[in-house]
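Accompanying notes for the structure given below.
The values are calculated or read from the model by the stated rules, or taken from the named source; none is laboratory data. These numbers were taken from a predicted model, which means no experiment stands behind them. Positions of Cβ are generated from backbone atoms using ideal geometry, with glycine treated the same way; all protein chains shown enter the neighbour counts.
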Amino acid sequence: MTQFVQRVFSGVQPTGNLHLGNYLGAIAKFVELQKTHECVYCIVDLHAITVPQKPETLRASIREVTAAYIAVGIDPKKHIIFNQSQVAEHAELAWVLNCVARVGWLNRMTQFKEKAGKDRENVSIGLYVYPILMAADILLYKATQVPVGEDQKQHLELARDIAQKFNLDYGESIAATGHGEAFFPLPEPLIQGPATRVMSLRDGTKKMSKSDPSDYSRINFTDDADTIAQKIRKAKTDPEPLPSEIEGLGNRPEADNLIGIYAALENRSKADVLQTFGGGQFSTFKNALVDLAVAKLEPIASEMKRLCADSAYIDDVLADGAARAREIAAANMIAVKNIVGFVG
Ligand code: TYM
């Protein structure tokens with residue numbers, strides 16, 4: 001078996017409000033992983049333009065996600081923070097992988113079906129091949145672990161399938177060019193903990209998302225303490241007291257969601273949180289959740305604000321990150337071209 005260097009890669013789209021789902025499902029884990037792994041965290045602006053973006057808004061969002069990465073505690077000196085469009089090899093590898101992936105594989109992608117809706121003939125080709133660009137992002141760095149929310153699971157499975165097919169299709173050439181049995185590692189999705197799918201505060205059966213028309217459905221990174229408190233107090237619940245056992249959360253999506261959020265914010269299990277709040281009313285629990293959410297999120301919001309006021313600093317971080325990302329990407333891309341049989 002080929003041994004690969006352990007490397008974490010993940011990305012966030014710069015397409016508007018970052019919310020609690022992005023934080024608990026992904027970004028909070030980015031911070032943890034930097035203690036034990038070499039990490040590459042990307043602002044995936046090439047992905048953002050698969051749906052229309054206003055250039056000025058896109059520029060601001062790229063800087064805002066960068067500020068969020070730094071504000072949560074990712075160290076841009078020890079690890080790599082960069083925006084995807086500064087490293088041309090993402091698009092280059094995506095093309096090679098377009099020729100490895102099969103149409104039938106893409107046709108199974110549920111997120112494309114959801115995003116395209118009834119207007120499938122009219123969405124961009126980019127939206128359709130989006131998961132292949134995502135596979136290229138990961139494989140370009142030969143990443144071994146990818147922290148993401150539950151909604152990205154299918155895309156990660158596709159990335160593994162593409163890696164495996166490349167390794168098989170080009171097996172002889174991989175060996176002949178001195179890369180052993182496999183060129184790409186099969187990236188492992190890291191989807192763990194009590195909040196891998198944070199749900200809307202207005203409807204516990206719908207995912208919390210930046211595209212929900214109701215701002216009350218989500219808590220944004222930039223919300224102030226009063227707004228966070230209001231949104232949690234107004235969050236939908238049911239009339240029963242909270243259960244004491246985890247089984248009691250079945251068929252109670254709103255209760256399950258709020259308990260999951262609390263657990264993830266405090267790094268505890270849901271069962272443990274129910275030991276504290278089980279049998280009590282939602283109002284008491286919501287007060288505690290407000291305190292906890294404000295304590296965790298407010299410092300991030302104020303640090304983001306401070307950083308966003310200094311776009312020269314943000315741009316320096318991105319330029320430095322891109323230069324370091326490019327080194328890894330360029331070396332791997334040269335190897336891919338060699339394996340495929342390109343000359344030069
Ligand atoms: P994006 O920008 O939609 O979301 C960023 C991260 O947040 C997670 N997330 C959630 N987690 C829990 N509950 C929610 N309600 C919730 N909403 C979003 C997402 O799962 C994601 O981890 N395709 C990716 C971006 C991407 C990428 C990559 C990720 C492009 N290339 C390579 C990893 C590796 C996306 O659209 O994420």
Region 202-218, subset part of a loop (DSSP other than H, G, I, E, B) and away from the ligand (no atom under 11 Å from the Cβ), residue surrounded by the fewest Cβ atoms within 10 Å (Cβ to Cβ): 213
Qualifying residue in region 75-94 (condition: in contact with a Ser or Thr (Cβ under 7 Å, 6 or more places away or on another chain), of a type in the set (Val, Ile, Thr) and touching a residue at least 12 places away in the same chain (Cβ under 8 Å)): yes
Among (1) more than 24 Å from residue 333 (Cβ to Cβ); (2) within 10 Å of the ligand (Cβ to nearest atom) - the single one residue 122 does not satisfy: (2)
Residue under evaluation residue 171, criteria (1) under 18 Å from residue 4 (Cα atoms); (2) within 16 Å of the ligand (Cβ to nearest atom), criterion not met: (2)
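Here's the yes/no breakdown for (1) under 18 Å from residue 333 (Cα atoms); (2) buried (at least 22 other Cβ atoms within 10 Å of the Cβ); (3) within 16 Å of the ligand (Cβ to nearest atom); (4) of a type outside the set (Lys, Arg):
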| position | (1), (2), (3), (4) |
| --- | --- |
| 93 | yes, yes, yes, yes |
| 97 | yes, yes, yes, yes |
| 131 | no, yes, yes, yes |
| 153 | no, no, yes, no |
| 166 | yes, yes, no, yes |
| 187 | yes, yes, yes, yes |
Candidates 309, 295, 301, 225 - the one that is exposed (fewer than 14 other Cβ atoms within 10 Å of the Cβ) and closer than 20 Å to residue 22 by Cβ: 295
Counted residues, region 1-50 - those being within 11 Å of the ligand (Cβ to nearest atom) and of a type in the set (A, V, I, L, M, F, W, C): 16
Where a residue in region 183-205 is of a type in the set (Asp, Glu) and its partner, wherever it lies, is within 10 Å of the ligand (Cβ to nearest atom) and in a strand (DSSP E or B), with Cβ under 8 Å and at least six apart: 188/146
Matching residues in region 230-241 - criterion: being in contact with a Lys or Arg (Cβ under 9 Å, 6 or more places away or on another chain) and not charged (D, E, K, R): 232, 235, 237
In region 13-41, the residues that are over 11 Å from the mean Cα position of the chain (by Cα) and among the aromatic types (Phe, Trp, Tyr): none
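Listed here are the residues, each with its yes/no results for (1) farther than 22 Å from residue 33 by Cα; (2) at pLDDT 95 or above; (3) not in a loop (DSSP other than H, G, I, E, B).
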{"residue": "112", "(1), (2), (3)": "yes, yes, yes"}
{"residue": "131", "(1), (2), (3)": "yes, yes, yes"}
{"residue": "143", "(1), (2), (3)": "no, yes, no"}
{"residue": "156", "(1), (2), (3)": "no, yes, yes"}
{"residue": "172", "(1), (2), (3)": "yes, yes, yes"}
{"residue": "182", "(1), (2), (3)": "yes, yes, no"}
{"residue": "185", "(1), (2), (3)": "no, yes, no"}
{"residue": "189", "(1), (2), (3)": "no, yes, yes"}
Index of the failed condition, residue 263 passing every other in (1) assigned to a helix (DSSP H, G or I); (2) over 19 Å from residue 219 (Cβ atoms): (2)
Residues satisfying the stated conditions in region 228-248, i.e. buried (at least 19 other Cβ atoms within 10 Å of the Cβ) and not in a loop (DSSP other than H, G, I, E, B): 228, 231, 232
Residue in region 315-322 that is closer than 20 Å to residue 29 by Cβ, outside the structural domain of residue 69 (by TED's automatic domain parsing) and in a helix (DSSP H, G or I) present: no
